[in-house]
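The values are calculated or read from the model by the stated rules, or taken from the named source; none is laboratory data. As the structure is a computational prediction, the values presented were derived from the model and not from experiment. Virtual Cβ from ideal backbone geometry, glycine too; neighbours counted across all protein chains shown. Remember, those area values only see protein heavy atoms, side chains included, never the ligands or the DNA or RNA. Shrake-Rupley method; radii C 1.70, N 1.55, O 1.52, S 1.80 Å.
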Amino acid sequence: MRQDQEDPYQRRSAQVYAAADRAGSGSVASPRAVLYDAVLLDRDGTLIEDVPYNGDPEKVRPVPGARAALDHLRAAGLRLAVVTNQSGLARGYFTGEQMRAVHARVEELLGRFDAWLVCPHDDADGCDCRKPAPGLVYAAARELGTTASRCVLVGDIGRDVAAALAAGAAGVLVPTPVTRPEEIAAAGWVATDLPAAVAEILRRQQAVQPSAPPTEPVRTALVVRSDSAGDVLVTGPAIRAVAAGAERVVLLCGPRGRAAANLLPGVDEIIEHPLPWIDPAPGPVDPQSMRSLTARLGALGADQAVVFTSFHQSALPLALLLRMAGIGRIAAISDDYPGSLLDIRHRVPVGVPEPERALSLAAAAGHRLADGDEPVLRLRRDAVPPRPADLGDPGYVVLHPGSAASSRACPPELATRIVGALTDAGHRVLVTGGPDERAVTARVAAAGGTDLGGRTDLAGLAAIVADAGAVVVGNTGPAHLAAAAGVPVVSLFAPTVPFGQWGPYRVPTVRLGDAAAPCRDTRAASCPVPGHPCLSGVDPDEVVAALRTLAPSGGGGR
C-alpha cells in the first residue's frame, strides 16, 4: 500500500453500532448533545460530614461550600440525586422515619434534590443496590429520566467510583481522611473537594459546546489522528462533530490506525501516511515523503484542519506542513508556543478522557455533535461483517490477552487461569488475538476457551465483540471496540497511562489490577518492572465476580 493511498467512503448515512443500542448502557437522544444530564452524590462524607449511622437531624453538618456548589449545578440545568448506602437500617441502628428526618434536614440546608436513592442492606445481604454494585446508579438514572452514561457520580470512597464505573457513569472521587490511598490511585477523576468537583463537571460540560460556529462555511475539513487503532476509535465522536458542520471530511491517519479509520462514521475519504514524530518506532524522516504528503494535502482544498493528538504528542510538526500546503485555518491542542502555525491554540487540563479531550478541540474549532447524536464511541454498521455462525449464540465472554504494547498485555499465565475460572463458572469464552499472537491465544484457550487467534481483522473482531456479554481486556483497541458497541468491560488496566484518560468510555466497567504499581504513568511500551506486578496479582475469581457485577447492564455471558 502506498504511503499516500486514499480510498473514498460515502458514510454520512451509514447505520452505526453504538452504545445507545444496548440496554442499560446507552444514552437517551437529546436535541443538543451534552455530556451529563444529572449529578449523583453520595451523602456521608460527600455532602455532609460523616457521622456513622446517623439518625439525628441535629448532627447534620454540610461540607464546606456544598450549598453554593449544588446551586451552580441547579443553575446549569443539571438534575441532582443522592445515592447512599445506609446499612444502619438493616442493622437496626436507626429507623426509616429517623433517616427521612435526616434527609429533610439535608434538604433544608442544601436545597431540594430531585431524587433520593437509598440502599437499606448490609454487605452480607448480597443485594444489587449496595455500592460498589451499580443498582443505585441505574435506579437514579431511571428516576431522573435519563441513563447512567449521562450521569456523573461524586463520592468520597472507592465504592462510589466503582458503582459509577460499573453502570457506565463517570465517577469523581473527593478524598477525605478515611479514603484509602489505593482508592485514590484507582480513581480516574479526583477532585480536592466538592466545589472543585462541581467546577470541573461544569467546565467539561461547557468545553464540548462551541461558543460560535466557524465564521465561514466549511466545505472540506481535514481531520488528523495518526496513531494506533484505539487512538483513532476514541477520536470518533470529535470527528462526527466536525462532520456535522462540514460538507466533506478527509481523515489523515497512519498505517496502524487505518483499520479503525475504516470503521468510523462521518469520514468521506481517508489518506494514510506515517508521521515519524508520532509513530512509536519511526524510521528516519524522508524529505521526499514529506513533500509528497504536503502536496497531497494541498490538493484537498481544505477550508480547515483539526489536528487531534494524545496529551503527550505535538501537533506542531504537522501544522508546519499544513501551512506549507496552504491550509489557512488550523486548530490543535498545544502546550508549546505555536507561533503562527495555529489559528486556534487549544488547551485541555490533564486527566480529561481522550474522547472528551478531542471533542473539546472540535468545539474550539466551532463544531458540535449533530442534534440527536451522543458523545459516545460509534462504528459504521455497514463496515462490520456478520459474526461467524460457528461461534454460537451471543452472550459469550471475549478474552483478549494481547496488546501492541506488551506493558499493557495480560500475562499469558494469568489469562490462562482466567479462562479456567470463567469456564468453571459456566461462561463460554472466546480468546481473540492478532496473527502474531496465535501462540499465546492457543495456550490461553487450551484452558477451556475457543481459540480465535489470527482469525479476524479489526472489523471482524468488532462483530465478535458486539455480540459478547462482556469483554475481558487490557488497555488496548478491543476495549474501545467494546465501548463502541456498549458491551461491558472487565478492564485489566496497566497504569502506564492514566485510567481517567484511556479507560473504556461510557460503558459499564470494572477495573482490576494494581493502580499504584511502579509502572504508573511511565507510558512504557514494555513492562519496566519484573514480573508485571500491576496485573500479575489479579485473582481470576475477581474476574468472575466482576462479570456478576456487570450482569445487570449487559448480561453475564452465560
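Points to keep in mind about this one:
- Taken as Cα centroids, region 249-270 and region 29-71 sit 42 Å apart, rounded to the nearest whole angstrom.
- In order along region 249-261, the Karplus-derived 3J(HN,Hα) couplings, from 6.51 cos²θ - 1.76 cosθ + 1.60 at θ = phi - 60°, round to 10, 10, 9, 8, 9, x, x, 6, x, 4, 4, 6, 4 Hz, and Gly and Pro are given as x.
- Charge context of Asp114, other residues only, Cβ under 10 angstrom, K/R +1, D/E -1: +2
- Couplings 3J(HN,Hα) for region 41-54, derived from phi with the Karplus relation 6.51 cos²θ - 1.76 cosθ + 1.60 (θ = phi - 60°), are 10, 5, 8, 6, x, 10, 8, 10, 4, 7, 10, x, 6, 7 Hz, where x marks Gly and Pro.
- Across the chain, C-alpha contacts under 8 Å between residues 6 or more apart give a mean separation that, scaled by the residue count, equals a relative contact order of 16 percent.
- Counted charge near Glu413, where neighbours are those whose Cβ lies closer than 14 Å (Asp, Glu -1; Lys, Arg +1): +1
- Positive-end residue of Ala260, Met324, Pro237, charge dipole of the chain with Cβ unit charges: Met324
- Among the protein heavy atoms, those of Tyr505 account for about 20 Å² of accessible surface (1.4 Å probe, every chain in place).
- Shape class for region 246-296: oblate, because the ratio a/c of the largest to smallest gyration tensor axis (alpha-carbon atoms, square roots of eigenvalues) is 1.5 or more and b/c is at least a/b.
- The simple spin-label model puts a point 7 Å past each Cα toward its Cβ; for Ser340 and Ala75 those points are separated by 4.2 nm.
- When DSSP beta bridges are restricted to pairs lying wholly in the chain, around 10% turn out antiparallel.
- The chain, accessible surface, carbon-and-sulfur percent (1.4 angstrom probe): 52
- Full-stretch length increase - Tyr53, Arg438 - with 0.36 nm per residue and alpha-carbon distance subtracted: 133.1 nm
- Binning the C-alpha pair distances of the chain at 10 Å intervals from 0 yields a P(r) profile of 4, 18, 28, 26, 17, 6, 1, 0 %, listed from the shortest bin outward.
- Within the chain, helix-based [θ] at 222 nm, where runs of 4 or more DSSP H residues each add -39,500 (n - 2.57), nearest 500: -9000 deg cm²/dmol
- Whole-Å distance, taken between Cα centres, linking region 368-419 and region 481-523: 14
- Label-point gap, in nm, between Asp541 and Glu182 - each point 7 angstrom along Cα→Cβ: 1.5
- Across Lys59, Lys131, the residue with the most accessible area heads the list, and the full order at a 1.4 Å probe is Lys59, Lys131.
- The overall shape of region 380-461 is oblate: from the C-alpha gyration tensor, with semi-axes ordered a ≥ b ≥ c, the ratio a/c is 1.5 or greater and a/b is no larger than b/c.
- Rounded if a/c under 1.5, otherwise prolate or oblate - region 232-341, Cα gyration tensor axes: rounded
- The chain - Cys residues lacking any other Cys C-beta under 4.7 Å: Cys127, Cys151, Cys253, Cys410, Cys519, Cys527, Cys534
- Surrounding net charge for Thr146, when Lys and Arg each add one and Asp and Glu each subtract one, Cβ distance under 11 Å: 0
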